[in-house]
Amino acid sequence: MGIVYKPIDPEKEGIEDLEILSEKLLSKPSPGSAGKTGTWRLYKPRILVDKCIKCGICWLYCPEDTIAWPYRGLPSINYDYCKGCGICANVCPVNAIEMILEGE
Amino acid sequence: MARRVLMGNTAVAEAVRLAGVQVVTAYPITPQTVIVERIAEMVERGELKARYIRVESEHSALALVYGAAAGGARAFTATSSHGLLYMYEMLWWVAGSRLPIVMAVVTRSIGPPWGLHSDHHDALTVRDTGWIIGFASSVQEAFDMTLQAFKISEDRRVMLPAMVALEGFTLSHTAEPVEMPDEKSVSEWLPPREPLPFKIEPGKAFAVGNTGPDEVTMELKWLAWRAMERSRFVIRETDLEYAKRFGLRSYGGLVEDVYAKGSDYVVVAMGAWCGDLKEAVEKLRGEGYRVGLLRIRYFRPFPWEELREVSQNAKAVLVIDRAVSIGHRGILGLEVSSAIGDRVPVKNVIAGIGGVDTGPEDFYSIVKTFIEEYESGSIEGWSIPEWYMPWMGVVSK
């Protein structure tokens, strides 16, 4: 049968296993825990400062939390982690974010 | 203690009420529907203080109780057949996240064609997901097993979801007298759930099952496997403790032994038809055949130790299967062979697929033929898997 596990102290082993489980199953968010995901980017969002109305919608929608928005101020993008998904450009009500090909 | 006449479905609903379940999700499918209908009435009348949530599919039904259990709630849902298959993906997530959830599976055949009656394909096709799978054989047992499922599933040694399978119509819609312990004594025995192994709540940010290294995938599987091994102890212990505490019957843990230990021939089966099979075995014993029945109560964890112990002096073992793995043999037959096939010949018969009636007379002739064939030497000497596997009750032409 290939059974190589015979519990000796099921109570103790159960609790120990649950500790390992929560350590391995659960992950705490932290900046850069998956490396610099900015390298995944094909297109880069660029904020057109003159057109931006500082509404913060891009900040709200960014799925990776890479846009910083000082309240009613000008947003800025953290290019270390921005994957270039383009959601910000898509939701911007005044088309103040353009997507440019990386390397251009 | 109260004695009431209940259908299988109603008995499960009563067990859910007594367990003080907090979240119930419901998507109707025959023959399970009555369970969630009864629970809806209980919630409406205020007998069960639970959030009752109607969802748009079975996939969502299980996803929602997954979320509820992750939030620390005691959660329940029920389904059948195609509904269980639609949950398949979520079954793995729930078990892999080690959340204690109880689900009733009222067994029903899988199409085509659309059929309403019972076989074991639905519950057995999800055997590898990490759920504890129990098979009840009476209305009383459906009640006891559901109530015990909460206790076993939530045990710190286990923390795995549990499925209670009961036969569609033959149990789900058949009324039998049921002994039920009262609410107070049940709540003493089954206190509110501990928020283990984790609890999602506002203010605590973490992700469950985020992308992980390959080694973590393997380790989580290993942990679930270890927990399932430990659940054997907990199932046996809970069976005894429950019987003692409430003055009810102990079934014998993972299996129920009906004259099997020490008999020359052992018949292995699972589910409601074991009542009829028992009748056939008793008749044969009356005629001098040394035969017994070993009823599998829990398919996961699989009772290989019990099987080995019971069959150690047996000449041959017959497995009567209500589900077949097309391309191989009966599903229960395969499992039994894997546990004892190196020690004793295991013969496999397929019957009752799609609810085809198999009564005491059929069992009588199946078992008698098996013994006579063995004694005449016509099945001795075969080794797995070369021997034939008869199908009983197939009507062709």
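Per-structure values
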quantity	calculated
Cβ crowding within 10 Å averaged over residues, with A:71-81, B:202-212, B:8-18 ranked highest first	B:8-18, A:71-81, B:202-212
Per-peptide average of other Cβ atoms within 10 Å, ordering B:136-144, A:33-41, B:177-185 highest first	B:136-144, B:177-185, A:33-41
Euclidean distance of C-alpha centroids, region B:163-178 and region B:230-273, integer Å	18 Å
B:GLU361 paired with A:LYS12, simple spin-label distance in nm, labels 7 Å along Cα-to-beta-carbon	6.1 nm
Kirkwood estimate for the protein assembly as shown, i.e. one over the average of 1/r between Cα atoms, Å	25.2 Å
Rounded tilt (10° steps) of B:8-18 against the dominant C-alpha axis of chain B	40 degrees
Computed helical MRE - 222 nm, chain B, DSSP H runs ≥ 4 contributing -39500 (n - 2.57), nearest 500	-12500 deg cm²/dmol
Carbon + sulfur, % of accessible area of region B:78-220 - ligands and nucleic acids excluded, 1.4 Å	60 percent
Drop in accessible area of at least 30 Å² in the complex versus isolated chain, residues of region B:208-240, 1.4 Å probe	B:VAL216, B:GLU219, B:LEU220, B:LEU223, B:TRP225, B:ARG226, B:GLU229, B:ARG230, B:PHE233
A versus B: buried accessible surface, summed, Å² (probe 1.4 Å, to nearest 100)	2500 Å²
Point-to-point label distance, B:THR30-A:CYS55, nm (Cα→Cβ direction, 7 Å offset)	5.3 nm
Chain B, relative contact order [Cα under 8 Å, separation at least 6], %	16 percent
Computed over region B:260-332: relative contact order in percent, which uses C-alpha pairs under 8 Å that are six or more apart	44 percent
Relative packing of B:310-318, B:76-84, which averages over residues the other C-beta atoms within 10 Å, highest first	B:76-84, B:310-318
For region A:31-104 and region B:72-102, distance of Cα centres in Å	39 Å
Tilt relative to chain B, helix B:58-70 - C-alpha long axis, 0 to 90 degrees, to 10	60 degrees
Peptide A:7-16, shielding by other chains (average Cβ, 10 Å cutoff)	5
Helix B:33-45 axis, angle to chain B major axis (alpha carbon atoms, nearest 10°)	30 degrees
Cysteines not pairable in the protein assembly as shown (beta carbon separation under 4.7 Å absent)	A:CYS52, A:CYS55, A:CYS62, A:CYS82, A:CYS85, A:CYS92, B:CYS274
Inter-chain Cβ neighbour average for residues B:195-203, partner chain, 10 Å	2
The protein assembly as shown - share of DSSP beta bridges that are antiparallel (%, nearest 5)	40 percent
Approximate spin-label separation A:ALA68-A:LYS28, in nm, with each point projected 7 Å along Cα-to-Cβ	2.2 nm
Residue of B:GLY67, B:GLY134, B:GLY46 that the Gaussian network model of chain B assigns the largest fluctuation, springs spanning Cα pairs under 10 Å	B:GLY46
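The values are calculated or read from the model by the stated rules, or taken from the named source; none is laboratory data. Just so it is clear, the model here is predicted, and its values are computed rather than measured. Here Cβ is always computed from backbone atoms with ideal geometry, including for glycine, and neighbour counts include all displayed protein chains. Accessible surface is based on the protein model in full, side chains and every heavy atom, while ligands, DNA and RNA are left aside. Shrake-Rupley method; radii C 1.70, N 1.55, O 1.52, S 1.80 Å.
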